[in-house]
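The values are calculated or read from the model by the stated rules, or taken from the named source; none is laboratory data. Quick caveat, the model's predicted, so the values are computed rather than measured. No Cβ is skipped: glycine too gets one built from the backbone with ideal geometry, and neighbour counts run over all protein chains shown. Quick note on the areas: whole protein, heavy atoms, side chains included, nothing else; ligands and nucleic acids left out. Shrake-Rupley method; radii C 1.70, N 1.55, O 1.52, S 1.80 Å.
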Amino acid sequence: MLITTEVRWFHLGTIPDAIAQWFQQAELGQYLAPPMERQDTYLLVPRHEYLGLKLRQGNLEVKLRQAELGVQNFDSGWQGKVEQWVKWSGDSSCQSLAGGEQSLAQGTWINVQKVRSQRQYEVLPNRTCVAVPLGQSMPTGCTMELTQLTINNTAWWSLAFEATGDRQIESLNSVVDWVSSTHYPGTLTANCSYAYPRWLMASTDSAIANLPEGSKE
């Protein structure tokens, strides 16, 4: 079981060149993990924004939202909806769920292609953010990811922060505040800030027209 505190933003389209270059800049730290490409298969369950299920590389991952912490105003004008989640992972024997478990009969499995780049930061007691190699164990830290997504032949992209370990809210705020001060070429608003379960619903053809305007950038 893993508890995380997260904030995510989603936009239609491919990652703008200016944002891809910003993510690669040395000012964000010396450690930048190489992009990783994979396919995840998500269960879309309408009206269940608090629940996330996906098949990834032979494992079933289940995420349950524990708390909605509201809209956070970060430095440099960023706004995002912060949430706390708990995650479990099981082996591939759970793939039988995709074949018609009665409890999931209303859901639909959807393939999502991802190309994801990540950075990781340790947060010191004085709130200083120190770049560390991805995967390094640390008591307090936060991962930042920039991801190109393809769902139903439609391109989206996402910027996200995920804090783990101790003092998660402080860690998340420290990293996002610091990153937001590094000349990000754009704005991030609460209208396009939500977690994967809501994005899956929003990214269907019938829902795109009803998205907040900020999500259609």
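A few comments on the model shown:
- Estimated dipole of the chain in Debye, rounded to 20 [Cβ of Lys and Arg +1, of Asp and Glu -1, Cα centre]: 280
- Secondary-structure-derived ellipticity at 222 nm for the chain, considering helices only, amounts to -4000 deg cm²/dmol, per-run term -39500 (n - 2.57) for DSSP H runs with n ≥ 4.
- Whole-number accessible area per residue in Å² for the chain, which is evaluated in the context of all protein chains at 1.4 Å: 48
- Between the Cα long axis of helix 168-180 and the first principal axis of the chain there is an angle of about 70°, rounded to the nearest 10.
- Counting Lys and Arg as +1 and Asp and Glu as -1 over every other residue whose Cβ lies under 14 Å from the Cβ of residue 23, the net charge comes to -1.
- Highest-MSF residue in the chain out of 123, 115, 82 [GNM, Cα springs under 10 Å]: 115
- Shape category assigned to segment 1-93 from the gyration tensor of Cα positions, a/c cut at 1.5: oblate
- Global form of segment 124-186, assessed from the alpha-carbon gyration tensor, a/c cut-off 1.5: prolate
- Choice from 40, 166, 17 with maximal GNM fluctuation in the chain (Cα, 10 Å cutoff): 17
- Among the protein heavy atoms of the chain, carbon and sulfur supply 49% of the accessible surface, probe 1.4 Å, non-protein parts ignored.
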